[in-house]
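Input: a single structure, listed below in C-alpha cells.
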C-alpha cells in the first residue's frame, strides 16, 4: 500500500481561516510529497513569500522545521510524506504560516484518486481572491487594510496604498498564474 499511495493524487482545498470574503485554492498534489514540499506548494499557490515560520497540525501531531534553540516539539516535515499521515477523503489538517500574524489554513482532503495520464502535478484546479499581503497583521489587520483601501477619504489610504506598492486587488485570482508558479517547483 505504501508505494501505491505515494503515486495517488490528493485533491486538497486550502482555505484561509478568519478572512471574509473567503480566500481558497483547490490543488492536486502527489501523495509522495514531503510536508516540506507541500509547504512550498502552499506558499506558491496562496501567494505567500515564505518569509516566516510555519507548521502543520494533523490530529495531535505537529510538523515543521525543528529548531533546537526553540526547544520545539515539531516533527521534521522533511521526513514525513503526505501519504504517511493516514488521511482519507474528508480528512482535515491545519497549516499555519507566520506565527506572528497567525495565518491559519484549513486543508480539506476532498478526494484521493489515481493520477491522470499526461497531467503534471502539482496543479491548481481553482481558487478565489488574492492572498493577503505579508506582514499586514493577520486576519484582523487584513480586514482593517481592506477597509482603508476601500475608502479613498480615509486618512491612511494613501500611506497604505503606497505600502502595498500602489496596487492591490483583493478580488484578483489567476489560476493560470498559480499553475505557472507550481510548474516552476521541481519534485
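The values are calculated or read from the model by the stated rules, or taken from the named source; none is laboratory data. Remember, it's a predicted structure, so these values are computed and weren't measured experimentally. Heads up, the Cβs are rebuilt from the backbone with ideal geometry, glycines too, and the neighbour counts pull from every protein chain shown.
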Flagged pairs (Cβ under 6 angstrom, 6 or more apart or on separate chains; first in region 175-187, at negative phi and touching a residue at least 24 places away in the same chain (Cβ under 8 Å); second in a loop (DSSP other than H, G, I, E, B) and surrounded by 12 or more Cβ atoms within 10 Å (Cβ to Cβ)) are 182/122
* To do: Say whether the condition of being at pLDDT 95 or above, under 12 Å from the mean Cα position of the chain (by Cα) and under 24 Å from residue 178 (Cα atoms) is met by at least one residue in region 4-12.
  => yes
Within region 116-151, the residues that are loosely packed, with under 14 Cβ neighbours inside 10 Å, in a loop (DSSP other than H, G, I, E, B) and touching a helix residue (DSSP H, G or I) at 6+ places or on another chain (Cβ under 8 Å) are 120, 151
Residue 185 vs (1) loosely packed, with under 15 Cβ neighbours inside 10 Å; (2) in a loop (DSSP other than H, G, I, E, B); (3) out of contact with any helix residue (DSSP H, G or I) (no Cβ under 8 Å at 6 or more places or on another chain): all pass except (3)
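Specify the residue that is surrounded by the fewest Cβ atoms within 10 Å (Cβ to Cβ); the eligible residues are those in region 37-95 that are assigned to a loop (DSSP other than H, G, I, E, B) and touching a helix residue (DSSP H, G or I) at 6+ places or on another chain (Cβ under 7 Å). It would help to see each step written out before you state the result.
Step one: filter region 37-95 for residues assigned to a loop (DSSP other than H, G, I, E, B), giving 47-53, 59-60, 65-74, 80, 85-91.
So of that shortlist, the ones also touching a helix residue (DSSP H, G or I) at 6+ places or on another chain (Cβ under 7 Å) come out as 50, 65, 80.
On the way: 50: 12, 65: 16, 80: 19.
Among them, the one singled out is 50.
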Does residue 108 qualify as being within 24 Å of residue 13 (Cβ to Cβ), over 19 Å from the mean Cα position of the chain (by Cα) and not in a loop (DSSP other than H, G, I, E, B)? no
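Among residues belonging to region 152-178 that are assigned to a helix (DSSP H, G or I) and at pLDDT below 95, point out the one that is surrounded by the fewest Cβ atoms within 10 Å (Cβ to Cβ).
Step one: filter region 152-178 for residues assigned to a helix (DSSP H, G or I), giving 157-163, 175-178.
From what is left, the residues that are at pLDDT below 95 are 157-163.
Numbers: 157: 15, 158: 11, 159: 11, 160: 18, 161: 15, 162: 9, 163: 14.
This residue is 162.
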Within region 96-105, residues being part of a loop (DSSP other than H, G, I, E, B) and on the phi < 0 side of the Ramachandran plot number 3
If you go through 103, 24, the only one that is modelled with pLDDT of 95 or more, under 23 Å from residue 184 (Cα atoms) and touching a strand residue (DSSP E or B) at 6+ places or on another chain (Cβ under 6 Å) is 24
Those residues of region 9-36 which are in contact with a helix residue (DSSP H, G or I) (Cβ under 7 Å, 6 or more places away or on another chain) and assigned to a loop (DSSP other than H, G, I, E, B) amount to 18, 19, 31, 32, 33
